[in-house]
Amino acid sequence: MPHVDASKSGTRPLDHITVVSLEHAIAAPFCTRQLADLGARVIKVERPGSGDFARAYDQRARGLSSHFVWVNRSKESLALDLKEPTHLAALKALLGKADVLVQNLAPGATARMGLDATTLRALHPRLIVCDISGYGNDGPYRDKKAYDLLIQSEAGYLSVTGTAEQPSKSGNSIADIAAGMYAYSNILSALLQRDKTGQGSHIDVSMLEALTEWMGFPMYYAMDGATPPPRNAAAHATIYPYGPFQVGAQLGTQGEHIGTVMLGLQNEREWVLFCEHVLLQPTLASDLRFENNALRNDNRLALQAIILDTFAPLTLAQVTERLDRATIANARMNTMADLWAHPQLQARERWAQVASPAGTLPALLPPGRQSAFDYRMDPIPQVGEHTESILHELGLQL
């Protein structure tokens, strides 16, 4: 458990903010969980019975969905069937008391219910409405369905990720995460702006634009029709040596002595140190094939052979010791089990516990230590767990 600092304030930055979210999957729930971490009251509107369909993606988190556990702590679940007029009226009454509405329903769904930004902000000028969609609220792609993998493809991410033979998707929901984080930062900005003007705003975040922003390096690298960065698996596309290298190929043993080391060189000073202290071949630093990064990249196969030959009789510990002595950046290629037990996360006390319908679960504290307040780390809700209490606040009974 993290250390509790008694000097911290008992309040959080968003304790006074109420967020209503018509959300499912990852992008909007990830956004609103960040707001809840900072103290916002987040009321998650779900379908009665089944709830957010991400609840059924898997059962890997002790019987709960891994996706749902990740992005839905510290929220209240309000089960409403929005096709029923009385349920829709209850939602509209709730929005009259809210500061923020976040939604990532299908294109046009909120407008059909009279919950679009134009209608709501005419009724509630201080309300901040954030729409998260695949392609945005206008343009020729507005009505296209958009899932994370599809956006990774549309944004060119797959074209620069993978091996030369096979493009690969990200192992996590990178387009959803990008959109969720831009929605989160836009909402924080809108709250600051509202403090100045007294007026809410409409935020239109698209997954395509969020991930395109993250594609800035390969886009500029391939500007004006130039050749794009090649797909090089886990190796860097344009810097060398930078990536994974096999260690211990000649040892014939198993376990911690052999495997893969990840290393990266950024400049010519590090190249000289790498040759002297890691490869133990100081004259290689002045080899005309490798005297700058562009040449090392062009001749990466020849340099790779030299590095692998050097690492083949060594253990992982020996290679790591050489890299550390030369102050060359390096890392282990961790598994998920390694990450759960990462000594740095343990030393910095980055794990907390949250309650859930499956019992207590570990949860990573939000990135960024705060000296002023503690993050909110409240339970993951059951479907409709808070329906009765929320309706009671509104003076309603369905």
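The values are calculated or read from the model by the stated rules, or taken from the named source; none is laboratory data. Predicted, not measured: the structure shown is a model, and the values here were computed from it. Positions of Cβ are generated from backbone atoms using ideal geometry, with glycine treated the same way; all protein chains shown enter the neighbour counts.
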Residues that are among the charged types (D, E, K, R) and surrounded by 16 or more Cβ atoms within 10 Å (Cβ to Cβ), drawn from the range 145-176: Asp148, Glu154, Lys169, Asp176
From Gly198, Gly180, residue being buried (at least 21 other Cβ atoms within 10 Å of the Cβ), touching a Pro at 6+ places or on another chain (Cβ under 9 Å), in contact (Cβ under 8 Å) with a residue 24 or more places away in the chain and of a type outside the set (Asp, Glu): Gly180
Selection count, the range 273-287, where residues are within 19 Å of Asn299 (Cβ to Cβ), out of contact with any strand residue (DSSP E or B) (no Cβ under 9 Å at 6 or more places or on another chain) and not small (Gly, Ala, Ser): 7
Condition met for Ile306 (buried (at least 19 other Cβ atoms within 10 Å of the Cβ) and in contact (Cβ under 8 Å) with a residue 12 or more places away in the chain): no
Residue that is nearest to Gly134 (Cα to Cα), among those in the range 159-188 that are in a loop (DSSP other than H, G, I, E, B) and within 12 Å of the chain's Cα centre (by Cα): Ser173
All positions within the range 351-388 that are in a helix (DSSP H, G or I) and either touching a Lys or Arg at 6+ places or on another chain (Cβ under 8 Å) or free of Cβ contacts under 8 Å to residues at least 40 places away in the same chain (or both): Glu388
Qualifying position, being under 35 Å from the mean Cα position of the chain (by Cα), under 30 Å from Arg369 (Cβ atoms) and at pLDDT below 95, among Asp338, Asp324: Asp338
Test: Leu120 is in a helix (DSSP H, G or I), hydrophobic (A, V, I, L, M, F, W, C) and surrounded by fewer than 18 Cβ atoms within 10 Å (Cβ to Cβ): no
Tally, over the range 249-267, of residues that are over 33 Å from the mean Cα position of the chain (by Cα) and either closer than 19 Å to Ala329 by Cβ or not aliphatic (A, V, I, L, M) (or both): 4
Where a residue in the range 237-259 is at positive phi and its partner, wherever it lies, is at pLDDT below 85 and not hydroxyl-bearing (Ser, Thr, Tyr), with Cβ under 9 Å and at least six apart: Gly248/His257; Gly248/Ile258; Gly252/Ile258
Residue that is nearest to Glu276 (Cα to Cα), among those in the range 294-340 that are assigned to a loop (DSSP other than H, G, I, E, B) and in contact with a helix residue (DSSP H, G or I) (Cβ under 7 Å, 6 or more places away or on another chain): Ala326
Residue ranges of strands (runs of 3 or more DSSP E) in the range 1-91 with at least 3 members farther than 22 Å from Arg126 by Cα and touching a residue at least 40 places away in the same chain (Cβ under 8 Å): 75-79
Which numbered condition Asp224 fails, given (1) part of a strand (DSSP E or B); (2) more than 19 Å from Gly162 (Cβ to Cβ); (3) not polar (S, T, N, Q): (1)
